Amino acid sequence: MSGRHPIALLGGTFNPPHKGHVEPALQAISQIGIDQLGLMPCKLPPHKSTEGIAEKHRVNMVKLVCAHHSQLYPELVELSLGTPSYTSKTLRHLRKDSPTQPIIFIMGEDSWHSLPQWNDWRELLKLAHLVVVKRDVAGDEKPAGLQKDLQLLIEQHEVDSARALTFCPAGGLYFAHTSLKTVSSTQLREMFRSPDMASNQIERVADWLLPSVIDYIQQHRLYA
């Protein structure tokens, strides 16, 4: 190992943060053999809308989730870097402070398929390891051009063992197979807007969100 504990990060809008974010990522770091994961809210995601939700609310919800899981901590570095949020920019910043420390960036399979659209995406594996949380998605056909680029990354960077990512600072690509539940933050926001939220929808929301996060959303009427 490098002699320094790896940095593992899961970035996202977290609007709101839910079990579909957290549980697969925790399974992934368990496979790698590390016990800490930073939840890193985006400053201004280039490809997503935060639907008018103030940054402080997303941060506060992330902090509530981290308070519930001893393995999680809020990583707010991206919020200090200005706009827009680019993973390459954030990883360069972290790499300056930790030139030899393994940095592991965790992403969902949907983000993996869109990777060639990211800013400076070819630089990411020079700055960090990538862990892709695998899931089965029906009809997941992608343009041939994207598949070709991604296939080349797989051929050049894939490692068979998750623990291999702890031996060097960057450059590894690992596909973590987890028991991933699927829900989107958009679906959850729509549930809060539903007229029957007080009845059957609250049970569905509770399957995905911590009680403290539900209380926070309702207290501040975030998605009303």
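Remarks
- The peptide list 56-66, 71-81, 150-160, put in order of mean Cβ contacts within 10 Å with the highest first, becomes 56-66, 71-81, 150-160.
- Unsatisfied cross-links (Cα-Cα over 18 Å) in the set LYS96/LYS134; LYS43/LYS134; LYS19/LYS134; LYS19/LYS43; LYS43/LYS126; LYS89/LYS134: LYS96/LYS134; LYS43/LYS134; LYS19/LYS43; LYS43/LYS126; LYS89/LYS134
- Amide H partners (placed H, <5 Å) of ILE7, local residues excluded: ILE103, ILE104
- Protection proxy ranking, peptides 203-209, 95-101, average beta carbon neighbours within 10 Å, highest first: 203-209, 95-101
- Exposure proxy shown here: for CYS42, CYS168, the number of other Cβ atoms within 10 Å sets the order, fewest to most, as CYS168, CYS42.
- Other residues whose C-beta falls under 14 angstrom from the C-beta of GLU75 contribute a net charge of +1, scoring Lys and Arg +1 and Asp and Glu -1.
- Cβ-defined net charge surrounding GLY172, 11 Å radius [Lys, Arg +1; Asp, Glu -1]: -1
- For the chain, calculated [θ]222 nm from helices alone, where every DSSP H run of n ≥ 4 adds -39500 (n - 2.57): -11000 deg cm²/dmol
- The simple spin-label model puts a point 7 Å past each Cα toward its Cβ; for CYS168 and ARG189 those points are separated by 4.0 nm.
- Share of alpha-carbon pairs per 5 Å distance bin for the chain, given as whole %: 1, 7, 14, 18, 20, 17, 11, 7, 3, 1, 0
- In terms of the mean number of neighbouring beta-carbon atoms within 10 Å, the peptides 20-32, 118-130 order highest first as 20-32, 118-130.
Each reported figure results from applying straightforward, stated rules to the coordinates on display, with no laboratory input. Quick caveat: nothing in here was measured; it's all calculated off a predicted structure. Note: ideal-geometry Cβ built from the backbone for every residue, glycine included; neighbour counts use all protein chains shown.
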